Structures are given as C-alpha cells and as structure tokens.
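No value in this document is a laboratory result; all are computed from the given coordinates. Quick caveat, the model's predicted, so the values are computed rather than measured. Cβ placement follows ideal geometry from the backbone for every residue including glycine, while neighbour counts extend to all protein chains displayed.
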Amino acid sequence: MIAEKVRACYGEVNGSDETREKAISDCRVSGARFLLSAALRTVSDHVRTLLHTTAAAVGALTALLASAPPVLAAGARDVTADVLADRDVTLTGDTVVTVPAGTTTYDGVLHGEGTLTVRGGGTLVLTRDSDFTLPKSRQRQVVRTQGGNHPYTTVAHPDPPAITVERGTTLQYGTGGGTGLIGHFPYNTPGYQLNQLNIRVDGTLRLSLTRTFNIGTISGSGLVTQPRNMWGTLDLAGTHPFSGVIDNGTGMAVGRPEYPVALPSARAILNQGSWIIDTPLQQTITLRQDFYQRAYGSDVNVHSRPGSKVVLTGQYSYSDRGGDTDPSLNWKPIAHQSNKRGTNIEGADVHWGDGTTHRIFMPGTKDTVYVNLHEASGRRSKLTFDYDGPVTLGAPIGGGRYHDTLAAPGAGDIVIAGTRGNDVTFAAAQDYDGSTTIRNGAVLRLGSGSKGGDGSLLTGTARRRVDDDGTLVVQNTTTPVSLAHMSGSGSLVQSGTATTTLTGSAVTYTGTTTVGQGTLALRSGATLAHSEAVRLTSARARLDPGAAGLRVLTTLSGTGTVLGSVTNDSLVTSGLTVKGDYVQHRRGELVLRKAPLKVTGRVALAGALDLSAAGTAPARRITVIDHTGRTPTTGAFDGLAEGTAVELADRVYRITYRGGDGNDVVLEAAAKPASTSADTTGRAGSAPTAAPTVTTDSAADSRQAFGWWPYALALGLLGGLMVPAGLRTQRNGLRRRSGRHSA
C-alpha cells in the first residue's frame, strides 16, 4: 500500500506547477510525504531545472520517513518576520523560523549564540554565509587530531544539533554559487575545515553550493541532497547517526586521508555523481548502504592508504522508482544507457561483502556496469569478494577510464575470501593483469554454465597466477579457457562443454582434479603429477594429456576417456577408456571395478592387480582389460602369470592375457578347484599358496552373528601368550602382502 502511494504521488509531482502543488498537498494529507517544493522564483531557470530533476529522483526513496522532530525548548524565539523582511538576525538562544508554503529566499545573515530550527512546510533559501555559535553549556564534543606525520581528525561525543530542519520543510544552502552556508570553524583541522555546527535533518537539506564545505555531524531521518551538475564537494567527515537518504548529485568526499567516515544508519545513497571514498592510514571504512543510480554517468571511486581497506556490503543498482526497483533492470541495457554505472578502485584495498551477505555490490553485465582497477602512488589495487552464498559478476574487471573499461588491463589482484558458502561466478572474460587467489573453503567459477555466460582469466605470466587453496570450477559452454601458473592446495573442476587447457610447468596445485564433462587438456609441459587424485566422473569427461601422455603418480579413476597414453606408477581404476597405450610399471596397481579398463593401444603389464571388488559379484567371465588394439598384451601382473588360479568368493578362476578377441585380460571360471593359485591382491614377490578367498564387507559383517562362543575360545588362546616371541616368529612362515585396495 505504501509503495502504491509513493508511485502515485511521484507521478503527480512530475506534472505542471499547478499539478505539483496540488499533488504535494494531497500527499501530505494522505500521509505520503515527498521532499519536493515549488519552483524557486529567485533562482535561474537552469538551477531550477536541476533542483526539480534531483528532487524527483529521490522522491520515492524518502517517502514516509518516520522519525519525529525534536521538541523545541520552551520560550524559543520566532524570527520569521525578520527573515521574511531580509533583516539580519542575532541569535540569543533557541530560535525558530516558520517558513510559509512556497519558497522564501533570505538575503540576510544569522549570527550570535543559540540554535536555529526551520519549520513550517515551505522552502528557505540562504544566499549568504551565516556564522553563529552553540551555547557553551551545550558544547561537549571532543575534536582530536592524531596520526603524527599523517594526521587525521576524529570527533567524539558530538554536540547536539545547532540547526534543525523539521519534517516537511526544506532548507537550501546557496543558489548555485559559493555562498549560503551556515557554519562556524574554530578548529585548525588539517586538510579540511570542520564545522562546529551540527545539523539534524528530518525534512530536506539541499546543498546548492559550488565550493568544498563541511556541515558537521548529521543526524535525523530526512533527505540530504545535492543537485546534479552542482560542482561542489561535501566533506562527509566523521560518524553520522543520520538514518535518512543521501542524494549525491555531483560529488561527495566520503572520508579522506585527513578524516574517517561512518554512516551506520543511513537508509540509502542515491548516487547521481561521484561518490569518492578514501581513508586515513591503517583505517577500515565500512559502508552498508545500498546505492542507486537514476541516470547515466555515476560511479563509486575508492581510494585507501597503506594498511587501510574499504568494505562495501550493500548493492549498487539502477532504479527508475526509488528503492522499490526492478532488479532485472541491472542486467539488461535500457535507453540512453541510463543504468550504466561503475566503480574505479584507485590503488585501494576493497572488499565487496563482509561474509554476512550474498548480494553482489555491482550486479550487471558489460553493458550495464564497469569495474576498473588502477595503480595509484605505486600501489596496485586489490578487490576481495567476501560473501556467504553464491554471487555472479557478469562484467569484466578492466583498467580503462570510466566506461571504457577494456582500454587497458586492470592493475590489481582478486581474492575470493575463505568465508563458508562463498561461491563466486565470473560470467564474463576478465581483463585484469594480476593474481587470482581462492582461499580455503571458497569457490570460483569461470562461466555460468549457460549460453552467453562464459568467463576467463588473463594468463601466461607469473603475475597472472592462480593461487588455489579452495576450488576452481571451469564451466564454459563455448569459449575455451587457458590456465598457467596454478598453485596451491586446492582443486580444479572441469564441468563445461568447452575445453580447458593447462599450460606450462608451473601447474603445481595439489588438490583433486575432476573432469565432469568436456575436455581438460595438458600442453607445453603441464602435468597432473602434483594433483592428489584425477577423476573422470562421467562418460562425457575427457582428459587430453597431449603427445607426452599421462603419467599417474597418485590416482586415476572414473568412467571417462583419456585421449592419449597412460603410464601407471601408482593407482588406476578400471571403467576408464584409454585411447592410447597403457603401461603399468612394478610400482603401479590396477583396481578392478564394475567395468573393465578399455585400451585402444599397446598394453604392457607389471605391478599389482586388486580384484577385491570383483569378489562381491562373481560371474563365469570377468574382463579386467578390454584390449581393442591389435598387438598382444605383454607382461603380467605380479604373482598372476598366465593360467594362475584365482579364488573369488566361492569360485575359482584362471587368468589369461589372451582372452576375448585374443589379447584381453580375462578371468575365466575354472571347471574345478586348482592346486596352484594366487593372492588376488598380492604385490610383486608373493609366494604361491592355496587359492585365497577375497574378503568383502558383507562377509565380515556375517561374522558378527556367531554369538558368545568366540569369546570362550579366546580364553583358551590366552595360553598362546606363554609361547616365546622368537618361537612364534619361526612358526609363522611366509606371510602374504596385501594390495592397497584389498577388502
């Protein structure tokens, strides 16, 4: 209901002057309040147009502000008649001006000692600077400059407001020139002039000044607004308890090296110009507000000093109707590029998110947002994504100027913070010349997995390295990705239909490598020798090791295809297809799963064969290697020469390396038990014994049902403890060694 009133009144106010006055009156009667006023009779047409445009832009954001105005002290002096007569006023205590409907321009000056309250529902325009002081009995704030050679100023225990703008009333500083400010400046603060006269705004404060200025500590719940193209700068210094809306029409300095800033309660920022953030040394500035843009050309520019950082936890959106906006407008171009907005990071350390939200700061595509990383004062920029859920960056990070972001590569580094749930997707080709760090527990995805959402990183140099301690997922649909200089303890997942290529000898990450679909290729000396496991988890998964082939030093498993030769010096499981030679050395082991290992090239065998899984579902014929090539299989598994008997569960098999079409490795069920057999999981050097039984989990579980008698038997076995250890060793004889994956 409130949103409907906001939109209805907003449409009325943008009509003719007569309609506007009637709409304002009607909205006040109905309870919806807009921070607009009638045209200024004493201001130029150009300035008046700017004021109306700015006021309309923030109308919906500031409707129904709920905080009550402060209660005036008894006996406050009313100087309305003096103001209407343009007479100078000397304050001698609490003073009020009741502004009539419409616009009142005051060419006089306020001075003396006291406070000023502006009320009445109209607009009061000040054309000259005024200077008065707060009564000494009310002065309590402590202004402190610290920092040694890098001084900055803070304010503690701020004074109560010296100026109050009541709800429904507008106070305007200036008429588009350099005068019209109320201020008193007793402090010698370095870098800026701190205004002692704090202000409470429950109505509207319009800043129509073209100079750099400060308005003290701001409180209240109304609107602080600056017209568009009003080339002045508000020094927004210190901590402000203000809970309303700030409308930046041209430029505001939100922190400087000379002062920090905090806006713990501000409702929103309507950014129609440049919101410029900076910090003192070793300081953190956190802004939690949502930002909105109404027209083409606004940006958030961030600077910081060494040891400092800026944290932005809100979202920077386009809005055509205040805070009640359509999020889809962030992601599609609209007429006149009205939703094109951006951020320029100038050698700063910036965090998007603080680990407590998953609303990305810059939602949009290359057509609606831009992100630039620049080097400043010898410092490269750093941008950290710190969210607790999935977010998508749909635009490139570059280093150009403003909207021309791809004119130069970005000069900075990217970090994906290790916050639980932090899952960041780059759905555009990135263009920053820097490192990408994925912290433990975090996920970075290149590509959204959908058409038009492919992502990539610049690669090929040590500066453009990937430090992966989390998970890097590549899921492009059409655009190939190349990665080099990839290190860390994290993992790599290839899950897109487009090919991902690892290049060079600097691919040293130690986590798992998983190919779910598409092709992972190795080129220019890249290997997976350091990866703790390689998994091809579907029939659509392909691993292309190139002409050098794949040497397995850890584990290789799955159901996909290796597009080249495989040399097994560790562990390979069946179910894979090898489109090339398969060579297993004495240190290697093949683990038989449900499906055989398929090999199209030469097969040369040594090392171990693990058949423990085959014993759970024995058949008359078990194919270990489906050798589709024309050459004979050479070599044999350790202890499993041609014809050796193998017992699986209750059935005896004989192994042959000439099975199937003549060169498959097959276990054929024997007609009767054989006297010569082998350990199904034996390693090189195992001595022939009676055919062993492969133990499975189900068999082990069945032994739990024998009741109490094994415990009684154990009592009799206690006598064995009396036999000397040396004698027991002599009687043990030769023990068989088990394979690494025997049951």
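Legend: ranking of residues TRP275, TRP231, TRP352, TRP331 from fewest to most surrounding C-beta atoms inside 10 Å; resulting order TRP231, TRP331, TRP275, TRP352. Compared with the direct C-alpha span, the chain from VAL143 to GLN193 gains 16.8 nm at full extension, assuming 0.36 nm per residue. Gain on full extension, evaluated as 0.36 nm per residue between ASP78 and TRP231 minus their Cα-Cα distance, stands at 51.6 nm.
Loop-located trypsin sites (Lys or Arg not before Pro) across the stretch 611-661 with a Cβ neighbour count of 16 or fewer within 10 Å are ARG620, ARG630, with loop assigned by DSSP. Note on the stretch 621-673 and the stretch 477-530: Cα centroid distance 36 Å, given to the nearest whole angstrom. Cβ-to-Cβ counts within 10 Å put HIS627, HIS351 in ascending order as HIS351, HIS627, the fewest first. Under 5 Å between amide hydrogens, built in the peptide plane, is the criterion, and for THR233 it picks out ARG211, THR212, PHE213 among residues at least 5 positions away or on other chains. For VAL624, the residues 5 or more places off, or on other chains, whose built amide H falls under 5 Å of its own are VAL665, VAL666, LEU667. Taking amide H positions as modeled 1.01 Å from N, with prolines and chain starts lacking one, the residues under 5 Å from THR189 and 5 or more places away or on another chain are LEU194. Per-residue Karplus couplings for the stretch 437-450, computed as 6.51 cos²θ - 1.76 cosθ + 1.60 with θ equal to phi - 60°, are listed in order as 10, 10, 6, 4, x, 9, 10, 10, 10, 9, x, 8, x, 10 Hz, Gly and Pro entered as x.
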